[in-house]
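The values are calculated or read from the model by the stated rules, or taken from the named source; none is laboratory data. The structure presented is a predicted model; accordingly, all values stated were derived computationally and were not measured. Cβ: placed from backbone, ideal geometry, glycine included. Neighbour counts: every protein chain shown.
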Amino acid sequence: MNTTPTQFPVGARILYVDDDTFMLNAFRRMVRLSGYEVVTFTSPLEALNEIRESSFDVICSDYDYRLPDMTGLDFLTEVHRIAPEVPRILITAHHDFEVAVDAFHVGISRLLPKPWKRETVLGALADAVRTVRLFRENIRLTALLEQHADALAQLNRSLDQKVSERTDQVISALITCLDYRDEETMAHSKRVSLMTRAIAERMGLPEQELLDIEWGALLHDVGKIGVPDRILLKPGKLTPEEWLIMRRHATIGHHMLSRLDFLQNAAKVVGDHHERFDGSGYPRGKSYMDIYIGARIFAVADTFDAITSDRPYRSAQSDESAIAEIERVCGTQLDPICVAAFMTITEETWTTIRDEARTWAADHAAPAEALPMGRAGLLSAV
Ligand SMILES: [Fe+2]
Ligand SMILES: [Fe+2]
């Protein structure tokens, strides 16, 4: 019966190397009685082969082999390379300081004297087995945690993806609604939204606000959905009264979008998109910093795009003339800070934006047969 006070962890595997078969047998008997599986070797090289093949909970070695191939310290050093988590115990008949220093340098878990005391060896083995099991359990739990964290991150990514897809779909539906009613092309809306974003990026706005502003610019005229056909589709000039109604589109658009939580900033762009820096715009005659930053940026992009694209009543002018006009109205209609950011953007960027908008508009355009009378055909002006 086992009288050891130490409660042994069950089923541990211990390996012991000693060139003295008498010691090996004594060790084997003592440890087996405690319920452990023991594997012993007189050759450290054979022991290393076994360690490469199967897993052990503790590896013990005699300090001095009377064998030429390696010392006990060499052996335990090599063990660490193969199985770094396994505790190593050095057993030695040398009771000197040098052995302890050597053992310390190769990171031995425990140094035991020879001849040994049964309780000391079994206690050291039990401690080492608990240590290695805790260590392995820790590794297992960490891996499990990482696995769960990965799964959670994956789930979040797919949720974010879904939210972003739904948002795109809502924006797309709104822009398509507008396309059924407005004479301005979808390509214009897309160009202005990308140009607004490009300027906003130069101004260092945070990522979410860049997106909000881009959406707002894309939907800037969405309020035209609420303008009566007789005014919106009127072929001739509008009367002053009709202009007043037409101008309501900014307020209508703001009202529409502000009902959606995720479009609050976009709603501000829409509400302020006809305001002017000097206060001469509409609907509220706001000025300077009272105009939402996204709308002040939009105003620069819209001016640039209006001049550089074909309109039914005139053909497109060069980027240079648009830039000259922007410089002329900088500080009156347009915010000089936004104009300065605009000026840093290269011609290649504008070309890329125009190409991207053309492709996007072609993908999103309403079918010609679905357009109201008189609107079909205008789409070709993209
Ligand atoms: Fe516009
Ligand atoms: Fe407008």
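Here the range 301-324 is the region considered, the condition is being within 15 Å of ligand 2 (Cβ to nearest atom) and hydrophobic (A, V, I, L, M, F, W, C), and the residue that is surrounded by the fewest Cβ atoms within 10 Å (Cβ to Cβ) is Ala306.
Selection of first residues in the range 166-188 that are closer than 16 Å to Ala306 by Cα and of second residues that are among the acidic types (Asp, Glu) and in a helix (DSSP H, G or I), restricted to Cβ pairs under 7 Å at least 6 apart or on distinct chains, gives the following pairs, ordered by first then second residue: Met186/Asp179; His188/Asp305.
Would you mention how many residues in the range 243-260 are of a type in the set (Ser, Thr, Tyr) and assigned to a loop (DSSP other than H, G, I, E, B)?
So the count comes out to 1.
The residues in the range 204-248 that are more than 14 Å from ligand 1 (Cβ to nearest atom), over 25 Å from Asp261 (Cα atoms) and of a type in the set (A, V, I, L, M) can be counted, and the count is 5. Could you please find all residues in the range 66-115 being assigned to a loop (DSSP other than H, G, I, E, B) and aliphatic (A, V, I, L, M)? If the condition is that a residue be assigned to a loop (DSSP other than H, G, I, E, B) and aliphatic (A, V, I, L, M), then Leu67, Met70, Ala83, Val86, Ala93, Val106, Ile108 are the ones that fit. Arg328 - would you say it is at pLDDT 95 or above, surrounded by fewer than 19 Cβ atoms within 10 Å (Cβ to Cβ), out of contact with any helix residue (DSSP H, G or I) (no Cβ under 9 Å at 6 or more places or on another chain) and among the basic types (Lys, Arg)? Taking the combined requirement at face value, the residue satisfies it. All told, Ser193 meets the bar of being within 16 Å of ligand 2 (Cβ to nearest atom), closer than 24 Å to Phe342 by Cα, in contact with a Phe, Trp or Tyr (Cβ under 8 Å, 6 or more places away or on another chain) and hydroxyl-bearing (Ser, Thr, Tyr). Put simply, of Gly253, Gly294 the only residue that is of a type outside the set (A, V, I, L, M), within 16 Å of ligand 1 (Cβ to nearest atom) and more than 19 Å from Cys338 (Cβ to Cβ) is Gly253. Residues of the range 261-291 that are in a helix (DSSP H, G or I) and either within 16 Å of ligand 2 (Cβ to nearest atom) or among the aromatic types (Phe, Trp, Tyr) (or both): Phe262, Ala266, Ala267, Lys268, Val269, Val270, Gly271, Asp272, Tyr288. Entry remark, the range 206-238: residues being more than 14 Å from ligand 2 (Cβ to nearest atom) and touching a Cys at 6+ places or on another chain (Cβ under 6 Å) number 0 in total. Being under 32 Å from the mean Cα position of the chain (by Cα) and either away from ligand 1 (no atom under 15 Å from the Cβ) or not assigned by TED's automatic domain parsing to the domain that holds Arg191 (or both) is the requirement here; does Ile345 meet it? It is true that Ile345 is under 32 Å from the mean Cα position of the chain (by Cα) and either away from ligand 1 (no atom under 15 Å from the Cβ) or not assigned by TED's automatic domain parsing to the domain that holds Arg191 (or both).
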